[in-house]
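Enquirer: One structure is given below, represented as structure tokens, and several questions about it will come after.
The values are calculated or read from the model by the stated rules, or taken from the named source; none is laboratory data. Just so you know, these numbers come straight off a predicted model, no measurement behind them. Every residue, glycine among them, receives a Cβ derived from its backbone with ideal geometry; neighbour counts consider all protein chains shown.
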Amino acid sequence: MTVDDATDVLDPSRPDVSRPVGREVPPFPVFDAPGTAEQASGISAVHREVTYAKAIGFRPLKMDIWLPSNASAPTPLVLWVHGGAFQLGDRRELPPTFAPDSVFRLLNQAGIACATVDYRHSLEAPFPAQLHDLKAAVRYLREYADHLNIDPDRFGAWGESAGGHLAALLGLTGNRKDLEGGLGAQGHSSGVSAVVDFYGVSSLVDLPLMSTPEGLFPAALTAAVPPGMPLQPEFMLVGGLDDPELLAAASPVSHVTADAVPFLLVHGDSDGLVPHSQTDLLAAALADVGVGHEVVTITGGDHCFFGAEEQLGTILAAAVDYFSRKLGTP
């Protein structure tokens, strides 16, 4: 084929033979409308299986949106981000120590909406894909704020473990245009106004190597892991590499600035998976630039607050109260 031939093929005036009789076809949708809520209880109505973003070559990204049933005025909203070492979990799962749906119900009881969100795991796409997904979720919620009766100016983020890491990044990068990603709804801020971080990772560079008990990951669970890929969550998150620069770039402490939002950091003093020192590092970085934050240390608490189950009601109530104070209620 000559250059002239190629020019003729690409001539925009030629009819599009891939479409019957040149018929115009609408663009493929990049997200779906929230649909109709179902009544989950006397206090909650839930939009389930909402596709907040579509990306070519990936599964649709879903969220469930829990709304206070009796709200009249627009309510604040909290984005819940699940944990799972960036490898496992989904939006419907809470830590095994938490009662099912407890986070979502407690927020609704306080007059606060909750969106619980799926995001791509580390073998689906390396960082910053996970942050891009959550930012797309926040923009989607602002796109439909009127429909959902939520206040787009009063959003918070709450996560545990890997979800705490990602919630922290949401609170630290609201003004970072280079980290927005291109997924989903556009034209809205992806920032939040407050963060609650339960035992999240703040510095991947300083995270001790995970000790894996024999049989924790059965062969049927690891069968899809590429040969030679390390199972360390922090390495998997950045593409299977132990590059300090990549690990630092994916760490919340690297993104702390004076315009960060306020934080509540809650961590057990006996956490054997993500040590309390991870919260200490983030608290120190926030203090250095004058960002308001509170640290709550749970005596006897391991990861997921195992060993401190009797304190869990108080812990969750403190988190909900923090959002009520920072975001307000109707």
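Enquirer: Take the residues in region 160-185 that are at negative phi and assigned to a loop (DSSP other than H, G, I, E, B), then tell me which one is surrounded by the fewest Cβ atoms within 10 Å (Cβ to Cβ).
Expert: GLY182
Enquirer: Exactly one condition in (1) more than 18 Å from ALA319 (Cβ to Cβ); (2) in a strand (DSSP E or B) is not met by ARG92; state its number.
Expert: So the condition that ARG92 fails would be (2).
Enquirer: May I pose another question? Out of ASP280, ASP271, ASP321, ASP302, which single residue is of a type in the set (D, E, K, R) and exposed (fewer than 14 other Cβ atoms within 10 Å of the Cβ)? Steps first, please.
Expert: Working: ASP280 fails: exposed (fewer than 14 other Cβ atoms within 10 Å of the Cβ); ASP271 fails: exposed (fewer than 14 other Cβ atoms within 10 Å of the Cβ); ASP302 fails: exposed (fewer than 14 other Cβ atoms within 10 Å of the Cβ).
Testing whether each residue is of a type in the set (D, E, K, R) and exposed (fewer than 14 other Cβ atoms within 10 Å of the Cβ) leaves just ASP321.
Enquirer: Another question, if that's okay. Quick one: GLY228 ticks every box in (1) closer than 17 Å to ASP280 by Cα; (2) without any contact (Cβ under 8 Å) to a residue 24 or more places away in the chain; (3) among the small types (Gly, Ala, Ser) bar one, so which box is it?
Expert: Going through the list (1) closer than 17 Å to ASP280 by Cα; (2) without any contact (Cβ under 8 Å) to a residue 24 or more places away in the chain; (3) among the small types (Gly, Ala, Ser), GLY228 breaks only (1).
Enquirer: Sticking with this one: With the requirement that a residue be under 19 Å from ARG48 (Cβ atoms) and in contact with a helix residue (DSSP H, G or I) (Cβ under 9 Å, 6 or more places away or on another chain), what does region 107-125 give you?
Expert: Answer for region 107-125, where residues must be under 19 Å from ARG48 (Cβ atoms) and in contact with a helix residue (DSSP H, G or I) (Cβ under 9 Å, 6 or more places away or on another chain): LEU107, ILE112, ALA113, CYS114, ALA115, THR116, VAL117, ASP118, TYR119.
Enquirer: For region 126-159, name all the residues that are under 25 Å from ALA285 (Cβ atoms), of a type outside the set (D, E, K, R) and in a helix (DSSP H, G or I).
Expert: ALA129, GLN130, LEU131, HIS132, LEU134, VAL138
Enquirer: Within region 138-150, can one find any residue that is under 23 Å from THR257 (Cα atoms) and among the hydrophobic types (A, V, I, L, M, F, W, C)?
Expert: Looking for residues that are under 23 Å from THR257 (Cα atoms) and among the hydrophobic types (A, V, I, L, M, F, W, C), one finds at least one in region 138-150, hence yes.
Enquirer: If only one of HIS188, HIS121 is in a loop (DSSP other than H, G, I, E, B) and touching an Asp or Glu at 6+ places or on another chain (Cβ under 7 Å), which one is it?
Expert: Every option except HIS188 fails the conditions.
Residue-wise test of (1) more than 17 Å from VAL296 (Cα to Cα); (2) more than 19 Å from the chain's Cα centre (by Cα); (3) not basic (Lys, Arg).
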{"position": "THR173", "(1), (2), (3)": "yes, no, yes"}
{"position": "ASP178", "(1), (2), (3)": "yes, no, yes"}
{"position": "GLN186", "(1), (2), (3)": "yes, no, yes"}
{"position": "PHE198", "(1), (2), (3)": "no, no, yes"}
{"position": "THR222", "(1), (2), (3)": "yes, yes, yes"}
{"position": "LEU247", "(1), (2), (3)": "yes, no, yes"}
{"position": "ASP259", "(1), (2), (3)": "yes, yes, yes"}
{"position": "VAL274", "(1), (2), (3)": "no, no, yes"}
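Enquirer: Which residue, of VAL261, VAL253, VAL266, is of a type in the set (Val, Ile, Thr), at pLDDT 95 or above and part of a helix (DSSP H, G or I)?
Expert: VAL253
Enquirer: Now, a different point. Of the residues that sit in region 282-292 and are outside any loop (DSSP other than H, G, I, E, B) and in contact (Cβ under 8 Å) with a residue 24 or more places away in the chain, which one is farthest from ARG105 (Cα to Cα)?
Expert: Within region 282-292, the match that is farthest from ARG105 (Cα to Cα) is ASP288.
Enquirer: Do we have GLY215 as part of a loop (DSSP other than H, G, I, E, B), more than 19 Å from SER161 (Cα to Cα) and at pLDDT 90 or above here?
Expert: Judged against the criteria, GLY215 is not a match.
Enquirer: To continue, here is another question. Can you tell me which of (1) free of Cβ contacts under 8 Å to residues at least 60 places away in the same chain; (2) closer than 25 Å to ASN70 by Cβ is the one HIS188 doesn't meet?
Expert: (2)
Enquirer: Would you please list the contacts, defined by Cβ atoms under 7 Å and residues six or more apart or on different chains, that run from a residue in region 293-318 that is assigned to a strand (DSSP E or B) to a residue that is acidic (Asp, Glu)?
Expert: THR297/ASP269; ILE298/ASP269
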